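Here, each number is a calculation from the coordinates, and none is a lab measurement. The shown structure was predicted, so the numbers you read here are calculated from the model rather than taken from an experiment. Note that we place each Cβ from the backbone using ideal geometry, even for glycine, and neighbour counts take in every protein chain shown.
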Amino acid sequence: MTVDGLRRSPLGDLPETLGHGVRLREIPFLTQLNLRLAPGGGAAARVAEVLGAALPTEPNTVTDSGDLRLLWLGPDEWLIVGPDGAAPDTEGRIRTALPGEHACLVDVSANRTTLELSGPGARTVLEKGCALDLHPRAFTPGRCAQTLVSKVNVVLDQLDAEPRYRLLVRGSFARYLADWLLDAMSDTALIG
Amino acid sequence: MLLIACPWCGERDEVEFHYGGQAHVAYPSDPEALSDAEWAQYLFVRDNPKGPFAERWSHAAGCRRWFNVVRHTVTHEILAVHPAGRPKPVIA
């Protein structure tokens, strides 16, 4: 028996939902690896070599490497997000860069699920529960943030200028956040 | 609501932060040498100024880093933000 038949996402029954100019869907089981090491050292350089992209050092920014997104979480902490199933290979590759280093790599894929909110109205919907300035002058593709959306801790990642956002949320908060987003999307008057 | 400038993430709402009490309270170098009264003094007694007050905050819903803030306890004006481990800035 494979794990595919046993595992369930927290939002397994959430259909892709269209609103006026906005779309919500779950992307379950994304690979998430939490990496902690000293920035600017030899370990960081070797990790950049095996991943093909540098770990971002500017706060709340993202670098891309093929299928992987490297999110800044703290001055010595990153979240590596990749497609379902990429965890063993990615973890193995990073570990080859870490022998003898003071570093920590943990597979946290089961910690959070991912909601994708996209479309021309996505920013307006998100702004109803998020205090960050999400205007393109302040928040652009390639930026991420750990913040609160409707009182729920999320890792917010903007993928493109449509805009398309990923909200990585802990499993036990996912249902509440999805319901809140669906409710926020149902207010048609706000989409101009 | 206060707008607090996290040294890493920039300005965020106060609800993203956790308060950590007075900053720059050093752990006693030889705790066993302290009398009960001195230990209680270290553990419980804090300044309560009317004016600038250096205090610790943690960006709990963000980067989860601790840092120090000098806040005016009457006006809530934030006069300085300095990283943990650095000396308290001089406030005129």
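Observations
- Using every pair of distinct Cα positions in region A:34-148, the Kirkwood expression returns a hydrodynamic radius of 15.4 angstrom.
- Within the protein assembly as shown: Cβ-based charge dipole about Cα centre, in debye rounded to nearest 20 (Lys, Arg +1; Asp, Glu -1): 240
- Spacing of the modelled spin labels on residue A:128 and residue A:13, each 7 Å from Cα toward Cβ, amounts to 2.3 nm.
- Average projection area in nm² (convex hull over Cα atoms of region A:102-166, one quarter of hull surface): 5.4
- Dimensions of the protein assembly as shown along the principal axes, based on C-alpha atoms and rounded to the nearest Å, stand at 63, 54, 36, largest first.
- Stokes-Einstein diffusion of chain B at 20 °C, 1.002 mPa s viscosity, Kirkwood radius from Cα pairs, rounded to a whole number: 150 µm²/s.
- Dipole moment magnitude, nearest 20 debye, chain B about Cα centre, only Lys, Arg, Asp, Glu C-beta charged: 320
- Length-normalised contact order for chain B - Cα pairs under 8 Å, 6+ apart - percent: 27
- Magnitude of the charge dipole for region B:1-43, about its Cα centre and with charges confined to Cβ atoms of Lys, Arg (+1) and Asp, Glu (-1), is about 140 debye.
- Residue A:140-residue B:3 FRET efficiency (beta carbon distance; Förster radius 35 Å; 0.05 resolution): 0.95
- Our helix-only sum for chain A, with -39,500 (n - 2.57) per DSSP H run of n ≥ 4 divided by its residues, gives a mean residue ellipticity at 222 nm of -6000 deg cm²/dmol.
- Annotation: lysines with alpha-carbon distance below 28 angstrom to residue A:151 (same-chain offsets under eight excluded): A:128.
- Here residue B:88 is the anchor, and the aspartates and glutamates within straight C-alpha reach of less than 15 Å, apart from those fewer than 8 places off in the same chain, are B:47, B:55.
- Sparsely packed loop sites in region A:112-188 (the chymotrypsin sites (Phe, Trp or Tyr not before Pro) outside DSSP H, G, I, E and B with at most 15 other Cβ atoms within 10 Å) do not occur.
- Bridgeable aspartates and glutamates around residue B:50 (alpha carbons under 14 Å apart, same-chain partners fewer than 8 residues away excluded): B:77.
- What the Cβ-Cβ distance of residue A:4 and residue A:95 gives, at R0 = 25 Å and to the nearest 0.05, is a FRET efficiency of 0.50.
- Shape descriptor for region A:1-69: Rg over Rh equals 1.12 (Cα atoms; Rh from the Kirkwood inverse mean 1/r).
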